[in-house]
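The values are calculated or read from the model by the stated rules, or taken from the named source; none is laboratory data. Just so it is clear, the model here is predicted, and its values are computed rather than measured. Every residue, glycine among them, receives a Cβ derived from its backbone with ideal geometry; neighbour counts consider all protein chains shown.
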Amino acid sequence: MTAPFYVPPEQLIKDRAEFARKGIARGRPIVVIEYEHGVLMIGENPSGSLNKLGEIYDRIGFAGVGRFNEFETLRVAGIRYVDVKGYSYGRVDVTARGLANAYSQTLGQIFTHEVKPFEIEVMIAEIGDDPAGTRMFRIQFDGTLGAFDKWGAMGGGEEALAETLAEEYEAGAPLPTVLKTAAAALEAAVEHEIVADDWEAAVLDRTSGRRKFRRLTAQEIADLRSNGDGQ
């Protein structure tokens with residue numbers, strides 16, 4: 001009987017992490033960033049049928065980068081989780097923190113026990129009635145969970161994005177200014193101009209009705225970028 005091939009646990013975890021990071025680095029970057037009345041999520045997405053940004057609950061939005069089928073599976077599972085939570089207890093009991101913890105546990109289990117880890121990272125954003133109520137979380141491929149303030153970036157060119165946003169971001173700025181800053185940083189990171197139809201953007205806007213999530217059209221994005229200096 002042939003003895004099973006042995007791989008040290010440390011090497012196995014290292015190889016899985018490297019595999020996942022390579023897959024994520026090939027993904028087009030996404031920025032999640034605060035503005036005056038909420039949170040903007042924006043990135044390059046040439047696909048006309050696949051969304052990288054989505055709504056989870058009334059005040060909670062989702063952004064994913066990496067393999068679409070994998071983060072879409074996570075997004076759908078998140079919707080089911082919050083629906084059950086809200087129905088069983090109450091809408092106020094549904095929070096981004098609770099959802100982020102659930103995602104962290106799921107990705108951690110997959111990374112540790114499955115043959116192939118998910119090649120994804122996701123960010124969750126929740127807005128409150130005022131800026132102090134905003135919560136944003138990033139969950140990595142291995143289940144590592146972290147909170148971030150003001151802005152976050154993930155995907156290819158993440159380091160270049162972070163450097164640009166750290167220099168250019170203005171806290172409390174209106175949507176046109178913040179969108180222009182984020183779009184310019186994304187184009188610098190991918191090193192090409194992103195045409196109007198290849199943008200995907202959405203906002204969680206606290207001035208809206210009960211549902212705070214709203215997608216931005218290509219025309220809205222173009223108009224906001226052109227107005228970024230004047231508001």
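Here are the numbers:
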quantity: Condition met for F111 (of a type in the set (F, W, Y), loosely packed, with under 14 Cβ neighbours inside 10 Å and farther than 30 Å from R211 by Cα); calculated: no
quantity: Complete set of residues in region 91-127 that are touching a residue at least 60 places away in the same chain (Cβ under 8 Å), within 14 Å of G64 (Cβ to Cβ) and among the aromatic types (F, W, Y); calculated: F118
quantity: When residues of region 174-201 are limited to those that are under 17 Å from the mean Cα position of the chain (by Cα), in a helix (DSSP H, G or I) and small (G, A, S), the one surrounded by the fewest Cβ atoms within 10 Å (Cβ to Cβ); calculated: A183
quantity: Selection within region 1-56 - of a type in the set (F, W, Y) and crowded, with 19+ Cβ neighbours inside 10 Å; calculated: Y35
quantity: Some residue of region 151-158 being farther than 24 Å from I120 by Cβ, crowded, with 21+ Cβ neighbours inside 10 Å and within 18 Å of the chain's Cα centre (by Cα); calculated: no
quantity: Whichever residue in region 84-101 is aliphatic (A, V, I, L, M) and crowded, with 18+ Cβ neighbours inside 10 Å and, among such residues, is nearest to G27 (Cα to Cα); calculated: A100
quantity: Residue that is nearest to G27 (Cα to Cα), among those in region 149-169 that are outside any strand (DSSP E or B), in contact with a strand residue (DSSP E or B) (Cβ under 7 Å, 6 or more places away or on another chain) and not charged (D, E, K, R); calculated: G155
quantity: Test: residue in region 103-121 that is within 12 Å of the chain's Cα centre (by Cα) and either outside any helix (DSSP H, G or I) or at pLDDT below 95 (or both); calculated: yes
quantity: In region 45-64, the residues that are modelled with pLDDT of 95 or more and among the hydrophobic types (A, V, I, L, M, F, W, C); calculated: L53, I56, I60, F62, A63
quantity: Count of region 57-73 residues which are surrounded by fewer than 20 Cβ atoms within 10 Å (Cβ to Cβ), within 24 Å of R211 (Cα to Cα) and not β-branched (V, I, T); calculated: 2
quantity: Residue within region 16-34 that is of a type in the set (D, E, K, R) and under 14 Å from V203 (Cβ atoms) present; calculated: yes
quantity: Tabulated pairs, region 128-143, first surrounded by fewer than 19 Cβ atoms within 10 Å (Cβ to Cβ), second outside any helix (DSSP H, G or I) and polar (S, T, N, Q), C-beta under 7 angstrom, 6+ apart or interchain; calculated: G128/T134
quantity: Flag if D223 is modelled with pLDDT under 90 and either in a helix (DSSP H, G or I) or surrounded by fewer than 17 Cβ atoms within 10 Å (Cβ to Cβ) (or both); calculated: no
